[in-house]
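Enquirer: Questions regarding the structure given below will be posed in turn.
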Amino acid sequence: MEKYLQVSEAQRVVLESVATMGAEQVKLEQSLGRVLAEEVRANRDQPPFDISAMDGYALRSADLASVPAILEIIEDIKAGDLPSKTLVPGQCARIMTGAPMPQGADAVIRVEDTEAKPDNQVQINQPVKPGNDIRRLGENMRNGEVVLAPGTAITPGVIGVLATVKRAQVQVYRRPRVAILSTGNELEGLDEPVDPNKIPNSNSYALMGQVQALGIEPVLLGIARDDPEELARYLKRGLEYDVLLVSGGTSVGVHDYVRPTIEALGVQMLFWRVSMKPGHPVAFGKIGAKIIFGLPGNPVSSMVCFEQFVAPALRRMMGHARTYRRTVEARMTHNVKHQPGRTEFIRVLLAKEPGGYAATSTGAQGSGMLLSMARADGLAVVPGDSAGLAAGGTVTVQLLDGTFFQDDAGFGE
Ligand code: AMP
Ligand code: MG
């Protein structure tokens with residue numbers, strides 16, 4: 001009998017088999033969600049000179065040894081201006097946030113702590129320390145300094161940094177080209193009429209969504225019938241892509257032709273079974289730099305296996321250092337039965353509660369019950385050796401897409 005890998009062993013096999021793709025250049029506008037393939041350095045000091053952090057007055061802090069003090073305003077410096085005068089004792093300059101500090105000044109006082117006086121004078125009501133409310137030259141970044149390392153995931157904040165250093169184009173890792181193939185005589189295409197004897201092909205589309213959520217636009221190859229020749233034709237097309245996802249036909253039924261057909265095409269299969277529920281008939285192989293996943297036909301199993309094996313592989317290929325989904329600890333609100341053996345993934349809803357989260361099953365957990373997956377915030381992981389979870393116990397929950405938002409701000413101001 002074939003060896004079942006543990007989930008973690010299978011994940012290791014997958015990640016050891018994939019390499020990061022080569023690099024390509026993209027416009028900054030197209031870079032969100034990609035991963036930097038180059039080191040990015042600052043192209044100048046930021047700020048380029050000492051600037052004011054406030055709307056107020058640039059002054060000599062020594063002039064405020066006794067307050068209130070009256071100072072003469074000799075200049076008005078707006079952001080974008082260059083100051084032209086040097087302050088001497090008793091003088092100040094009106095200055096706006098972001099404007100360069102004038103010579104002779106060593107501090108800024110905000111306008112709220114001053115009173116306008118006639119004849120271009122201002123009364124300062126409190127002392128300030130040297131350096132007050134000044135943003136120093138180079139405080140954000142120094143010219144030539146490495147500000148972003150290869151492997152940095154491009155978020156909106158990173159895009160802001162890239163724009164700051166004037167990178168209209170950036171080198172990022174290529175995204176793998178992904179193809180999705182469903183197999184099964186019983187499958188009914190999305191555009192075909194409803195036939196009571198058939199099963200709608202949902203896997204192609206759920207997988208499509210999972211791939212899209214990672215920032216990759218997959219190609220849907222359609223449905224291959226359970227016929228070795230037809231299957232071989234489709235698989236050959238699929239192997240033109242960097243990653244091929246095959247749904248169904250990986251079990252040991254007499255019409256499950258994926259295994260012999262795939263091996264006949266020269267694909268080296270690294271595993272066929274993983275000790276997990278749902279999803280144990282999940283397979284993985286490679287041919288050259290291309291990889292292929294055989295995902296179980298059951299709709300929930302297919303999605304759960306995608307999360308455990310396919311998503312980390314695609315993330316690694318895209319250059320991400322973080323390949324796995326974030327997990328949180330949660331309080332299980334009810335008992336969970338479990339026969340020791342396979343690692344079990346339970347679809348749960350998460351509710352915020354003081355100190356963390358409460359996890360509750362989305363309902364009946366059959367591997368064909370796609371609604372239990374559609375409703376889920378996460379997958380609660382019951383370890384293989386567990387004899388079941390008791391209500392109130394802590395469980396690790398893998399977060400799914402769409403869980404990054406909640407109903408309220410959550411900090412109760
Ligand atoms: P299989 O892995 O091919 O034995 O399929 C297991 C179960 O999943 C069967 O009930 C199939 O009808 C169902 N199934 C297989 N492929 C799909 C698909 N693309 N969409 C929805 N259900 C599927
Ligand atoms: Mg089948």
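Enquirer: Show me 276-286, 141-151, 26-36, 53-63 ranked by packing, highest mean number of other Cβ atoms within 10 Å first.
Expert: Per-residue mean Cβ counts within 10 Å order the peptides as 276-286, 53-63, 26-36, 141-151.
Enquirer: Quick one: if the Förster radius is 56 Å, what FRET efficiency do Lys198 and Ala351 give, using the C-beta to C-beta distance and rounding to 0.05?
Expert: Taking R0 as 56 Å, the efficiency between Lys198 and Ala351 is 0.90.
Enquirer: Where in region 12-41 is the amide nitrogen less than 15 Å from a point lying 7 Å along the Cα-to-Cβ axis of Thr155?
Expert: The answer is 32-36.
Enquirer: In square angstrom, what is the accessible area per residue of region 80-169 with a 1.4 angstrom probe?
Expert: Computed with neighbouring chains in place, this is 55 Å² per residue.
Enquirer: Still on this structure, please answer the following. Probe radius 1.4 Å, ligands and nucleic acids ignored: give me the carbon and sulfur share of the accessible area of the chain as a rounded percent.
Expert: Percent of accessible area from carbon and sulfur atoms in the chain: 51.
Enquirer: Counting only helical runs of four or more DSSP H residues, what would the 222 nm mean residue ellipticity of the chain come to if each run contributes -39,500 (n - 2.57) and the total is spread over all its residues?
Expert: -4500 deg cm²/dmol
Enquirer: For region 231-299, with every protein chain kept in place, what is the accessible area per residue (1.4 Å probe, Å²)?
Expert: On a per-residue basis, 38 Å².
Enquirer: Further, regarding this structure: Rounded to the nearest 10 degrees, what's the angle between the helix 203-213 long axis and the longest principal axis of the chain, both from Cα atoms, 0 to 90?
Expert: Once rounded, the angle reads 20 degrees.
Enquirer: At 1.4 Å probe size, with every protein chain present, just tell me what the per residue accessible area of region 324-406 comes to in Å².
Expert: Here the residues of region 324-406 average 54 Å² of exposed surface.
The values are calculated or read from the model by the stated rules, or taken from the named source; none is laboratory data. Keep in mind the model is a prediction, meaning the values are calculated, not measured. Cβ coordinates were reconstructed from backbone atoms using ideal geometry, including for glycine residues, and neighbour counts include every protein chain displayed. Heads up: the accessible areas ignore ligands, DNA and RNA and are worked out on the full protein's heavy atoms, side chains in. Shrake-Rupley method; radii C 1.70, N 1.55, O 1.52, S 1.80 Å.
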